[in-house]
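Read through the structure below, which is laid out as structure tokens, and then see the notes.
The values are calculated or read from the model by the stated rules, or taken from the named source; none is laboratory data. This one's a predicted model, so the numbers in the text were calculated from it and none came from an experiment. Note that each Cβ is placed from the backbone with ideal geometry, even for glycine, and that neighbours are counted across all protein chains shown. Note: accessible area is taken over every heavy atom of the protein model, side chains too, but ligands, DNA and RNA are not part of it. Shrake-Rupley method; radii C 1.70, N 1.55, O 1.52, S 1.80 Å.
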Number of protein chains: 2
Amino acid sequence: MNVGEVAALAGVTVRTLHHYDRIGLLTPSGRTAAGYRQYAPADLDRLHLVLLYRELGFPLEEVATLLDDPSADPAEHLRRQHRLLRDRLERTTAMVAAVEKEMEARSMGISLTPEERFEVFGDWLPEEYAAEAEEKWGGTDAWAQSQQRTRAMTKDDWLRVKAETDDVEARFAEALRSGVGADSAQAMDLAEEHRQQISRNFYDCGYEMHAGLGRMYVEDERFTAYYERIAPGLAQFVSAAIQANATRHGS
Amino acid sequence: MNVGEVAALAGVTVRTLHHYDRIGLLTPSGRTAAGYRQYAPADLDRLHLVLLYRELGFPLEEVATLLDDPSADPAEHLRRQHRLLRDRLERTTAMVAAVEKEMEARSMGISLTPEERFEVFGDWLPEEYAAEAEEKWGGTDAWAQSQQRTRAMTKDDWLRVKAETDDVEARFAEALRSGVGADSAQAMDLAEEHRQQISRNFYDCGYEMHAGLGRMYVEDERFTAYYERIAPGLAQFVSAAIQANATRHGS
DNA sequence: CTTGACCCTGACGCGACGTGAGGCCGCAGG
DNA sequence: CCTGCGGCCTCACGTCGCGTCAGGGTCAAG
């Protein structure tokens, strides 16, 4: 098959295929004497995967690394795409619910708080993150462990975990409001609880790794945003408390 | 509220807010003496709408026109967003189903045809299109009519329409395969049937408007892709048949 | 042997920001 | 009082995923 046919079949432009060829994401397996690109069935398979990952928000470069990973067979890709699509489904459902909630509220003359309204944008444990998390930490033991455990979670498990998390976060916020320092025993104890919670629910999180996480809370804007939405200054506070706790344990 | 706080609340970067300010999409309603951006609650409302439309794939410029349209009250936006989100939900569900189908097939050692695999990318009556269609034709009578009628459709209605459409398309494909010309009576009759189908189900489609549609089938790559997926050469064929039919009626 | 559809390779443009650079607030601590 | 230090400001250039010509070869049908 030549470019035009493939483009029509897959619903993309010819230019897109040229682009994928040039960046090495999808090189047609053959060329005619005149230089025409010739796509084999295997190329179509690959294109299919590419388009799905693209749709899910992966940058093309990462799609390439995913597809060129020799340790990932086709079934692996299907499973991953299935997971990501279901995440997306969940997120979209949540957004629909949020809009319906707002419509309801409007029709009753009530108005929601800003926090309520942006809720769905803040609760980004969603696909966008799933994609990136995998790039950053995919392949690490922690990641594998986390994947394994979360896959085994039922909806109830998940709600329990969420409740636990919310609880610690709320108590962090309270500590912050009450004015105690991030290096106070109270704050450090909360940090320790946070660490153990992660270890229990996701992956073995040692002090060093926990400290790394803490740093991320202030360096990655989205994590910062997550904590700032709970209370202004909370990202810094939690991060500092985690460092203090790690230091306390290390010394 | 200043930029940082708003950014944290909404889960976007400060730079994004700067950008929205510069392009006039979201201008903070005030500035301090020092030039600091000051966001009022109304600005947050607007930001919320912006982010939802953005998430739904609208280009920012179009978001601006949507939001600045004085004839669109907040409830209107909510309804539209609700609609678009539900479209997205449907599409994602279809994609999940497609992946599951492929997993099933793999596990049974069967392999799908390329057409089957790209199906979900071809059946783009989805959000992506909804967004664009509204930009191109929003405000025209045809669009309004179509909106009104499709809103009133039940799921069964929709399936019936889809079946009708598939039928005519299949007969077009058959005509093409049988080798009759696009200007044959057979082809023109099919074109006429196509026109009446649109008139019945969507909006009054006169010969001139139909000819315009036909042109689009070959000029817009995605329409072309849609027909090419049914049979190679079908986009041209249908388009030509429509022109011929319009000419026949006009002369 | 022409014609028209399809293919090629540059190369520039664009949308939606990311990412510094260089410099001005503003307020807590010495 | 001034000195940090985080937050804010405005350029301004960089990036990603293509869109869109420009200039030219290719191929099947008539």
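Some observations on this one:
The rows are residues; the columns are (1) under 22 Å from the mean Cα position of the chain (by Cα); (2) modelled with pLDDT of 85 or more; (3) of a type in the set (Phe, Trp, Tyr); (4) closer than 23 Å to B:Met103 by Cβ.
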position: A:Met1; (1), (2), (3), (4): no, yes, no, no
position: A:Glu5; (1), (2), (3), (4): no, yes, no, no
position: A:Thr16; (1), (2), (3), (4): no, yes, no, no
position: A:Ile23; (1), (2), (3), (4): no, yes, no, no
position: A:Glu61; (1), (2), (3), (4): yes, yes, no, no
position: A:Leu67; (1), (2), (3), (4): yes, yes, no, yes
position: A:Ala72; (1), (2), (3), (4): yes, no, no, yes
position: A:Arg79; (1), (2), (3), (4): yes, no, no, yes
position: A:Arg86; (1), (2), (3), (4): yes, no, no, yes
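- Test: residue in region B:26-36 that is part of a helix (DSSP H, G or I) and within 15 Å of DNA strand D (Cβ to nearest atom): no
- In region A:57-76, residue least open to solvent (accessible area, probe 1.4 Å) [restricted to those that are under 23 Å from B:Glu104 (Cβ atoms) and within 14 Å of another protein chain (Cβ to nearest Cβ)]: A:Ala75
- When B:Arg22, B:Arg54 are checked against the criterion of being more than 10 Å from chain A (Cβ to nearest Cβ) and either touching a Cys at 6+ places or on another chain (Cβ under 7 Å) or away from DNA strand D (no atom under 12 Å from the Cβ) (or both), B:Arg54 stands alone in meeting it.
- Residues that are open to solvent by 20 Å² or more (accessible area, probe 1.4 Å) and among the β-branched types (Val, Ile, Thr) were ranked within region B:1-19; the one that is nearest to DNA strand D (Cβ to nearest atom) is B:Val3.
- Of all residues in region B:24-36, none are within 30 Å of A:Leu84 (Cα to Cα) and open to solvent by 40 Å² or more (accessible area, probe 1.4 Å).
- B:Phe172 falls short on exactly one of the conditions (1) touching a Phe, Trp or Tyr at 6+ places or on another chain (Cβ under 7 Å); (2) modelled with pLDDT under 80; (3) surrounded by 16 or more Cβ atoms within 10 Å (Cβ to Cβ), and that condition is (2).
- Candidates B:Arg79, B:Arg54, B:Arg88 - the one that is away from DNA strand C (no atom under 12 Å from the Cβ), surrounded by fewer than 19 Cβ atoms within 10 Å (Cβ to Cβ) and part of a helix (DSSP H, G or I): B:Arg79
- Boolean, A:Ala75 is touching a Lys or Arg at 6+ places or on another chain (Cβ under 9 Å) and more than 16 Å from DNA strand D (Cβ to nearest atom): yes
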